[in-house]
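Enquirer: I am attaching a structure below and will ask some questions about it afterwards.
The values are calculated or read from the model by the stated rules, or taken from the named source; none is laboratory data. Since the model is a prediction, treat every value here as computed from it, not as a measurement. Here the Cβ positions follow ideal geometry from the backbone for every residue, glycine too, while neighbour counts run over all protein chains shown. Please note that ligands, DNA and RNA were not included when accessible areas were found on the heavy atoms of the full protein model with its side chains. Shrake-Rupley method; radii C 1.70, N 1.55, O 1.52, S 1.80 Å.
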Amino acid sequence: MKARLLCLLALAPALLEAQVVLYSLNGIAPSPLGSVYGYGQVAAGDSMIVRFRALNTGTASVTITCLSVKNTSGAGFSIVNSSSTPFVVAAGQPMDFFVGFSATAITSYAATLEVGTGTATDACGGTIESAILLATVVPAPVLSVAAPCTGPDANKNISFGRIAQTSQESCTLSILNPFPQALTVSPLLVTGAGFTTTSGNAVTIGAGQSASFTIQFSPATGSAFSGTLTVGTRTYTLAGTGFSPPLSSLVWNFDSTKIGSGEQHTLSLQLSAPATVAAAGTMTLTFSPSIKTVTDDAAVRFVATSNRVASFAVNVGATAITLNAQPNIVFSTGTTAGTITFSVDTGIYGISGSPSTSVTTSPAPIALASSAATSRANELDVVISGFDNTYSIGSMSFSFVDRSGASIASIPADFSSDFQTFFHGQTGSSFLMRVSFPVTGDVSQVGGVTVMLNNAAGVVTTPSLKFP
Amino acid sequence: MKILLLTLMSACAWGQIESPQLGVMLDVNGRARPVTGAPAAAVVGTPWFDGAVLSLACSAEGCVAKTEAALFTPAGVVVDAPPGAAIIALDSSSPGAGYVYFVESGKLARWTGSQLVPMDFAPGGDVLSLRAVAGGFEYAVERDGEIWVGGKSLGSANSVLLLDGGGALLASDGKVRLLRADGTELDFAVTSAGGFVGGFIRMSNQYVQVITDAGMWALDIEPGHEQISLLPGVSH
């Protein structure tokens with residue numbers, strides 16, 4: 001019985017040894033590691049790092065006490081990242097580590113990778129999983145990139161920058177062979193949507209000579225693009241961004257060059273060049289009164305919708321812009337002198353030149369819409385409607401004539417304070433004024449009246465108003 | 001100068017200042033809304049009430065409106081009426097009164113201002129417009145592709161509004177024609193070519209609302225003031 005127990009204990013190391021299995025990882029996919037693992041060709045001065053895995057396939061934990069790389073030919077391999085040992089690996093769990101290679105001498109290199117589970121004094125003796133690592137350093141050409149491209153940087157990135165979508169940018173790249181013998185660079189490949197080259201798949205460069213080739217970047221859309229350039233053993237990342245070019249400058253078309261208050265005008269909008277993308281946004285109207293006592297005029301707006309925002313859209317290849325889905329838009333100038341500003345917001349599309357334009361309605365004499373005169377038993381009534389875009393109406397005079405047209409009297413009046421009271425709280429200067437004159441005598445003798453109204457911009461006179 | 005006996009008081013009696021009323025319009029939702037301000041810078045007020053008006057006519061004396069089942073005035077007079085739209089002609093010689101033709105039933109009634117009094121009426125065709133005249137009324141019907149008022153043809157049109165005093169408005173594609181009683185004519189373009197003029201509403205004595213598929217317009221029909229302006233739309 002005792003002899004059987006000793007026999008079982010003697011088998012224990014063999015069971016532990018079988019618990020650890022080595023893998024290499026290409027990305028995240030592990031592959032069982034054979035007795036030899038080749039790094040392949042590595043350009044002189046470049047580094048190559050491979051990820052390995054020690055997997056505990058047993059049902060009990062195991063302690064890894066040794067992790068080493070012993071260079072046997074040259075000095076290029078080294079462990080570049082791992083957990084420190086001893087390291088306890090639970091059943092079914094892995095321990096990952098990284099082995100790098102870098103050298104400059106053009107020759108072959110070899111090393112032994114060891115993973116041990118021995119005692120502290122003989123960490124890599126006894127129970128060992130191992131593999132031979134091989135690499136060959138080959139001459140490396142020197143790649144340079146001319147403007148407008150930049151790079152390659154430390155991470156082998158070559159940038160084509162930002163260019164307008166559907167346009168094209170060409171960059172010239174040069175490969176220098178710094179070695180004293182001819183060098184064949186193969187493969188020489190470009191991949192990735194948006195990137196093309198006319199170069200062959202390989203090139204032979206004489207000692208100390210250079211070879212040039214071009215890569216074209218043509219982004220089909222407004223987005224980021226990436227690709228790869230393989231130059232022999234080296235792979236570079238190509239990067240570029242396409243963007244939607246801004247819309248061309250706006251051409252504002254008003255139906256008249258003379259714009260005053262109390263009017264409706266039509267505005268149409270065009271681009272100075274066809275749009276390269278279908279774009280949409282908004283057009284906003286704002287109003288800044290030139291009258292100090294007035295803050296706004298509600299009638300200044302796009303008439304059909306009674307608001308101050310309209311949508312705009314333009315189709316790719318078109319210059320005509322639709323406003324609220326129509327070829328033009330009607331706006332009212334209101335009844336207040338001031339500046340009406342139209343501003344286009346194209347959002348992400350951007351626009352060349354100014355996105356705004358303004359029209360100004362100048363202070364003007366009172367605009368009369370209607371005027372009339374009526375008589376009652378002992379009163380004469382004058383009714384006048386219109387608007388005063390200066391908000392300064394008040395001073396006026398009434399010139400009465402008899403039935404033969406002879407002057408009876410001219411009566412001045414100043415209703416400034418009454419109008420200021422009326423305008424307070426109004427959102428516009430439209431008014432309808434009724435003035436009554438008490439009369440003693442025969443009202444029918446009064447034939448007519450003419451009213452002269454003053455404001456800050458001038459004087460206006462009604463037609464001769466006849467009393468019935 | 002007996003006229004000097006008149007004493008024009010220099011300290012004249014001050015009447016009042018108010019916002020000018022252009023009239024009452026129907027918005028795209030059928031709400032009756034007052035319109036104030038200058039014609040080309042008008043402002044639309046709040047609806048009379050929260051319900052759809054099918055037909056409307058206004059004058060200096062007031063308005064009469066037709067809902068689906070009633071005739072009413074802004075003053076609060078409401079009477080039951082035959083269903084559907086109506087053609088309303090206010091009678092300037094009898095303020096507050098008028099004639100109402102109910103399109104669906106083909107019935108005509110005299111509106112007294114507070115009640116409807118049925119009238120015998122055999123128009124001999126679809127009545128398109130109605131107006132009060134001294135001692136009665138006139139109406140327009142479509143016959144053989146033309147608009148007729150009595151024995152007079154106004155030509156072809158897709159809408160007509162008979163105006164007080166003998167004139168008329170006729171609508172054809174994208175255009176409104178103002179026919180004066182004296183035979184003169186004025187044309188107004190109201191929309192792009194091919195646009196459809198759907199009808200007219202009498203907003204006030206001075207203004208007529210022109211309804212097109214592209215917008216609402218206010219047409220000033222006062223002699224010497226004729227002009228057309230786009231009415232504000234209602235986005236709320």
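Enquirer: What number, in percent, do you get for the relative contact order of chain A if the mean sequence gap of Cα pairs under 8 Å and at least 6 apart is divided by its residue count? Provide the component values of the computation, followed by the final result.
Expert: Values: 1206 pairs, mean separation 41.6, N = 468.
Once divided by the residue count of chain A, the mean separation gives 9 percent.
Enquirer: Using a 10 angstrom cutoff on alpha carbons, build the Gaussian network for chain B and name the most mobile of B:Met119, B:Met25, B:Met203.
Expert: Most flexible of the set in this elastic network: B:Met119.
Enquirer: Okay, next question. With every protein chain present, what is the per residue accessible area of the protein assembly as shown (1.4 Å probe, Å²)? Don't skip to the answer; put the middle values down first.
Expert: Working: 32160 Å² over 704 residues.
Counting only protein heavy atoms, the per-residue value for the protein assembly as shown is 46 Å².
Enquirer: Would you calculate the separation in nanometres between label points at B:Asp144 and A:Val88, each defined as 7 Å from the Cα along the Cα-to-beta-carbon direction?
Expert: With each label point 7 Å from Cα toward Cβ, the separation is 11.4 nm.
Enquirer: Moving to a separate point now. Pull out the extension gain between A:Asp96 and A:Val138, defined as 0.36 nm times the separation in residues minus the alpha carbon to alpha carbon distance; nm, one decimal. If you can, show how the numbers build up before the last one.
Expert: Working: separation 42, 0.36 × 42 = 15.12 nm, distance 2.86 nm.
Roughly 12.3 nm would be gained on extension.
Enquirer: Read phi for every residue in region A:452-457 and hand back ³J(HN,Hα) as whole Hz from Karplus 6.51 cos²θ - 1.76 cosθ + 1.60, θ = phi - 60°, with x for Gly and Pro.
Expert: With coefficients 6.51, -1.76 and 1.60, one gets 10, 10, 10, 8, 5, 9 Hz.
Enquirer: What is the log10 of I(q)/I(0) for region A:139-225, computed with the Debye formula using one identical point scatterer on each Cα and no solvent, at q = 0.16, 0.17, 0.18, 0.25 Å⁻¹?
Expert: Evaluating at q = 0.16, 0.17, 0.18, 0.25 Å⁻¹ gives log10 I(q)/I(0) of -0.66, -0.73, -0.81, -1.29.
Enquirer: What is the total of Lys pairs in the protein assembly as shown with C-alpha atoms under 29 Å apart, excluding same-chain pairs fewer than 8 positions apart?
Expert: Taking the protein assembly as shown as the scope, the lysine pair count is 7.
Enquirer: Still on this model: To the nearest 0.05, how large is the calculated FRET efficiency for A:Ala146 and A:Thr107 if R₀ is 30 Å and r is the Cβ-Cβ distance? Numbers along the way, then the final one.
Expert: Numbers: r = 34 Å, r/R0 = 1.12.
Efficiency computed from Cβ-Cβ geometry: 0.35.
Enquirer: In nanometres, what is the gap between the two model label sites at B:Val28 and A:Ala457, each 7 Å from Cα along Cα-to-Cβ?
Expert: According to this spin-label approximation, the distance is 3.2 nm.
Enquirer: In peptide A:435-442, how many Cβ atoms from other protein chains are near each Cβ within 10 Å, on average?
Expert: Numbers: counts 6, 6, 9, 6, 5, 5, 7, 4.
Counting other chains' Cβ atoms within 10 Å and averaging over A:435-442 gives 6.
Enquirer: Largest first, how would A:Tyr37, B:Tyr99 line up by accessible area (1.4 Å probe)?
Expert: Numbers: A:Tyr37 55, B:Tyr99 20 Å².
Putting A:Tyr37, B:Tyr99 in descending order of accessible area: A:Tyr37, B:Tyr99.
Enquirer: Could I ask something else about it? Using the Cβ atoms and a cut-off under 11 Å, what net charge is assigned to the surroundings of A:Leu143, where Lys and Arg are +1 and Asp and Glu are -1? Please list the in-between numbers first.
Expert: Working: positive: A:Lys156, A:Arg234; negative: none.
Net of charged neighbours comes to +2.
Enquirer: For A:Tyr391, A:Tyr23, give me the order by solvent-accessible area with a 1.4 Å probe, most accessible first, ignoring ligands, DNA and RNA.
Expert: Most to least solvent-accessible, the answer reads A:Tyr23, A:Tyr391.
Enquirer: Keeping all protein chains in position, work out how much accessible area B:Trp111 exposes to a 1.4 Å probe, and write it in Å² to the nearest 10.
Expert: Accessible area, nearest 10 Å²: 0 Å².
Enquirer: Using r as the Cβ-Cβ distance of A:Ser358 and A:Asp414, and R0 as 30 Å, what FRET efficiency do you calculate, to the nearest 0.05?
Expert: Working: r = 35 Å, r/R0 = 1.17.
Step by step, r from the Cβ atoms, then E = 0.30.
Enquirer: Under the definition of Cα pairs under 8 Å and six or more residues apart, what whole-number percent is the relative contact order of region A:111-266?
Expert: Working: 330 pairs, mean separation 32.1, N = 156.
Here the relative contact order equals 21 percent.
Enquirer: Report the dimensions of the protein assembly as shown along its three principal axes from the alpha-carbon atoms, largest first, rounded to Å.
Expert: Largest first, the protein assembly as shown extends 151, 66, 54 Å along its Cα principal axes.
Enquirer: With solvent modelled as a 1.4 Å probe, how much accessible area in total do chains B and A shield from it at their shared surface, in Å² to the nearest 100? Let's see the in-between values first.
Expert: On the way: alone 12290 and 23000 Å², together 32160 Å².
Result for this pair: about 3100 Å² buried.
Enquirer: Let me ask you something else. Springs between alpha-carbon pairs under 10 angstrom, Gaussian network model over chain B: which of B:Gly215, B:Gly113, B:Gly150 fluctuates most?
Expert: Most flexible of the set in this elastic network: B:Gly150.
Enquirer: Now a separate question. Rank these residues by their accessible area, most exposed first, probe 1.4 Å: B:Cys58, A:Cys124. Walk me through the intermediate numbers first.
Expert: Details: B:Cys58 5, A:Cys124 35 Å².
Largest to smallest exposure gives the sequence A:Cys124, B:Cys58.
Enquirer: Now a separate question. Between B:Arg202, B:Arg33, B:Arg131, find the one with the highest GNM mean-square fluctuation for chain B; connect C-alpha pairs within less than 10 Å.
Expert: Highest fluctuation of the listed residues: B:Arg33.
Enquirer: For a quick check of understanding: with a 1.4 angstrom probe and all protein chains in place, what accessible area in square angstrom does A:Ser399 have, to the nearest ten?
Expert: It works out to around 50 Å².
Enquirer: With an 8 Å cut-off on Cα pairs and a minimum separation of 6 or more residues, tell me the relative contact order of region A:58-189 in percent. Kindly include the intermediate steps, with their values, before the conclusion.
Expert: Working: 236 pairs, mean separation 26.6, N = 132.
The value is 20 percent.
Enquirer: What is the spin-label model distance, in nm, from A:Thr374 to B:Phe196 if the labels are put 7 Å beyond Cα along the C-beta direction?
Expert: Going from the A:Thr374 label point to the B:Phe196 one covers 4.1 nm.
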